[in-house]
Amino acid sequence: MAPVENTAAAVVSAQSAPGLRSLQSQAPAYPSLSTIKELLKPITWFPPMWAFGCGVVSSHRPLAGRWLTVLAGIALAGPLVCASSQAVNDWFDRDVDAINEPQRPIPSGRMPGRWGLYIAILWTLLSLAVATTLGRWGFGAAVVGLILAWVYSAPPLRLKMNGWWGNAACGLSYEGLAWITGAAVMMNGEMPGPHTLTLALLYSIGAHGIMTLNDFKAIEGDRRMGVRSLPVQLGAEGAALVACTLMLLPQVLVVAFLLKWGAGWHPIAVGGLILAQALLMWRFLGEPVKRAIWYSALGVNFYVAGMLISAFAVRGLPGSS
């Protein structure tokens with residue numbers, strides 16, 4: 001796998017060398033704040049922040065006197081750990097981005113030299129520093145999340161080279177780990193109960209499908225660089241069907257568990273959100289490459305709404321924490 005990627009990278013580098021040299025000669029000595037912000041991709045911070053918040057809700061612990069802890073946890077999940085993962089990914093994906101997204105900070109030359117790597121390291125260290133304020137659970141979760149961020153993008157493991165493994169790592173980190181951490185931090189380091197752990201696991205599996213949606217825009221570059229995303233492995237139609245199945249099936253299981261637990265009206269609400277997603281997926285499956293971004297912007301909202309409803313359902317169950 002690695003030799004294919006390296007060979008492809010060499011070809012791309014050779015083909016684009018004149019243009020890259022021209023960009024580098026015009027590059028500033030230091031990146032601007034706006035370029036750093038673009039590297040850290042604030043739009044990607046929402047899923048882990050939301051999942052951490054769901055964990056806080058599901059913990060059934062009062063927020064009084066814990067607001068600073070909650071805010072620190074949300075900041076750690078999004079602007080720190082998730083942002084670190086984005087910087088790491090952009091640095092090690094710079095050759096792929098030269099094909100798929102040449103306007104990104106590193107391939108465009110707006111992020112000069114090795115500044116992309118320096119920022120990735122700095123944000124990782126900053127994340128660890130903030131994590132020390134959240135006790136053993138918060139720090140341990142940050143360590144696991146950061147390890148996943150680096151092994152996802154960096155050689156020799158580079159999990160993103162295979163869509164099955166890479167998307168699983170992202171789903172676990174962005175949803176399950178953040179959810180469990182939010183609950184554990186509110187519970188002063190106690191292990192969350194089986195209801196919370198079950199929901200966190202199921203929504204992590206569903207997030208695998210959500211991560212696949214992001215791969216449709218990069219099929220050409222991934223294929224040329226040897227990145228075996230699901231659209232590359234299965235074709236656009238096959239990957240779209242797998243993504244929809246992975247998103248829907250865990251939510252159906254969530255409804256089943258909520259009914260079993262006697263969660264009142266909550267499983268009905270989650271079921272309605274599943275139906276809305278299924279209707280949107282029917283249109284997405286017709287033209288997956290064209291409509292992947294459309295579905296991400298619209299359909300995923302119903303998914304995350306179901307997460308919060310499920311968190312409130314667990315909060316109201318006796319012995320849930």
**Request:** Give the residues of the stretch 62-74 that are in contact with a helix residue (DSSP H, G or I) (Cβ under 7 Å, 6 or more places away or on another chain) and assigned to a loop (DSSP other than H, G, I, E, B), sorted by residue number.
**Result:** L63, R66
**Item:** Condition broken by E190, with the remaining ones in (1) assigned to a helix (DSSP H, G or I); (2) surrounded by fewer than 18 Cβ atoms within 10 Å (Cβ to Cβ); (3) acidic (D, E) satisfied
**Value:** (1)
**Asked** Considering only the stretch 92-129, how many residues are surrounded by fewer than 23 Cβ atoms within 10 Å (Cβ to Cβ), among the hydrophobic types (A, V, I, L, M, F, W, C) and under 20 Å from N167 (Cβ atoms)?
**Response** 1
**So V304, is it in a helix (DSSP H, G or I), modelled with pLDDT under 95 and in contact with a helix residue (DSSP H, G or I) (Cβ under 6 Å, 6 or more places away or on another chain)** = no
**Message:** With the requirement that a residue be touching a residue at least 40 places away in the same chain (Cβ under 8 Å) and at positive phi, what does the stretch 209-257 give you?
**Reply:** G226
**Message:** Pairs please, first residue from the stretch 289-300 and surrounded by fewer than 16 Cβ atoms within 10 Å (Cβ to Cβ), second anywhere and part of a helix (DSSP H, G or I), Cβ atoms under 6 Å, 6+ apart in sequence or on different chains.
**Reply:** V289/F216; V289/A236
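L317 - would you say it is of a type in the set (A, V, I, L, M) and either buried (at least 20 other Cβ atoms within 10 Å of the Cβ) or at pLDDT below 95 (or both)?
When the stated conditions are applied, L317 passes them.
Go through the residues of the stretch 209-223 one by one and say whether even a single one is of a type in the set (S, T, N, Q) and at pLDDT below 95. Steps first, please.
From the stretch 209-223, those of a type in the set (S, T, N, Q) are 212, 214; that's our starting set.
Restricting the remaining residues to those that are at pLDDT below 95 gives 214.
Within the stretch 209-223 (the criterion being of a type in the set (S, T, N, Q) and at pLDDT below 95), the answer is yes, since at least one residue qualifies.
Take the stretch 41-61 and flag every residue that is among the small types (G, A, S) and within 13 Å of L197 (Cα to Cα).
Looking only at the stretch 41-61, we keep the residues that are among the small types (G, A, S), and these are 51, 53, 55, 58-59.
Those that are among the small types (G, A, S) and within 13 Å of L197 (Cα to Cα): A51, G55, S58, S59.
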**Fill in**
Counting only residues that are surrounded by fewer than 21 Cβ atoms within 10 Å (Cβ to Cβ) and in contact (Cβ under 8 Å) with a residue 40 or more places away in the chain, the stretch 277-288 contains a total of 1
**Request:** Tell me, please, whether a residue that is modelled with pLDDT under 95 and surrounded by fewer than 16 Cβ atoms within 10 Å (Cβ to Cβ) can be found in the stretch 264-276.
**Result:** yes
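The values are calculated or read from the model by the stated rules, or taken from the named source; none is laboratory data. From a predicted model like this one, the values you see are computed outputs, not experimental measurements. Reconstructed Cβ throughout: ideal geometry from the backbone, glycine too, with neighbour counts over all protein chains shown.
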